[in-house]
Amino acid sequence: MEFSELIHKRKMTRSFLRDPIPESVLDRVLDQARRVPSAGNSQGFNFVVLEGHQTSAYWDVTLPKERRETFRWPNLLDAPVIITVWASPDAYLERYSRSDKQATGLGRGIEMWATPYWLVDSSFAAMVLQLAAINEGLGVLFFGMFDKASKVAEALKVPNECLPVGTVALGWPDPSGEPPGRSATELRRPIEGGPDAVVHRGSW
Ligand SMILES: Cc1cc2nc3c(=O)[nH]c(=O)nc-3n(C[C@H](O)[C@H](O)[C@H](O)COP(=O)(O)O)c2cc1C
């Protein structure tokens, strides 16, 4: 797919078919996602991949059975793959403690960092993961773990130091459609001109 077509076609999918994702496709998506830039090449992003029946480990924690009957997107639970994304601050502290980075002082602790690059880099990885999947014809939904993050971490044996970035559901989009997302009516902000613009040239 052409890059600009990919960007313009990209939309969240909230209803999936149960059909599995071939291993070769999933492997390609994961390989592409890990090729993102990262501060000091620290690569402090981690994916916990749940396939097929393993995905129930995620849903059992985040969406108790009694809430499923009224859940707005029941076919989200049919997604054959769930990937949770976790950021590791320790990877950055270790990297920036080494001799070539020691002068930055950033290895001393996370409070030294003006920007938490572990979240930046993990977000980059989560975005490329989504684009790579869409490029394969898959649908994706990035969504939050909210107050269930620590329970998900426990269920998936994620190390304590890791921070939750979000969850990506992947699968073949259900052609029969889905109820729209709750924010679907929000307008895209204008590129420039006016107080709501995204781009500020020269200064804000
Ligand atoms: C950080 C983040 C958190 C999100 N959390 C949720 C969520 O919890 N549930 C959901 O249905 N969509 C979630 N979304 C999807 C957004 O609602 C969606 O990206 C936005 O409305 C724009 O729609 P589009 O991506 O289809 O263009 C999230 C997206 C991002 C980037």
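The values are calculated or read from the model by the stated rules, or taken from the named source; none is laboratory data. In this text the structure is predicted, and so the values were computed from the model without any measurement. Here the Cβ is made from the backbone with ideal geometry for all residues, glycine too, and neighbour counts use every protein chain on show. Heads up: the accessible areas ignore ligands, DNA and RNA and are worked out on the full protein's heavy atoms, side chains in. Shrake-Rupley method; radii C 1.70, N 1.55, O 1.52, S 1.80 Å.
Laid out as a table, the results:
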item: With Cα atoms, 0 to 90° folded angle of helix 23-33 axis to the chain main axis; result: 30 degrees
item: Rounded tilt (10° steps) of 117-135 against the dominant C-alpha axis of the chain; result: 40 degrees
item: Tensor-based shape of the chain (alpha-carbon gyration tensor, a/c under 1.5 rounded, otherwise prolate or oblate); result: oblate
item: Selected from TRP172, TRP73, TRP118 as most flexible by GNM, with the chain as the system and alpha-carbon contacts under 10 Å; result: TRP73
item: Residue among ARG72, ARG28, ARG98 with the largest mean-square fluctuation in a Gaussian network model of the chain, springs linking Cα atoms under 10 Å; result: ARG98
item: Candidates SER123, SER15, SER24: whichever shows maximal mean-square fluctuation once the chain is modelled as a Gaussian network with Cα springs under 10 Å; result: SER24
item: In Å², nearest 10: area of ASP78 left accessible to a 1.4 Å probe; result: 30 Å²
item: Formal net charge of residues neighbouring VAL158 (Cβ-Cβ distance under 13 Å; K, R +1; D, E -1); result: 0
item: Cut-off 11 Å between beta-carbons: net charge of the residues surrounding PRO80, Lys and Arg +1, Asp and Glu -1; result: -2
item: Protection proxy ranking, peptides 177-188, 138-149, 102-113, average beta carbon neighbours within 10 Å, highest first; result: 138-149, 102-113, 177-188
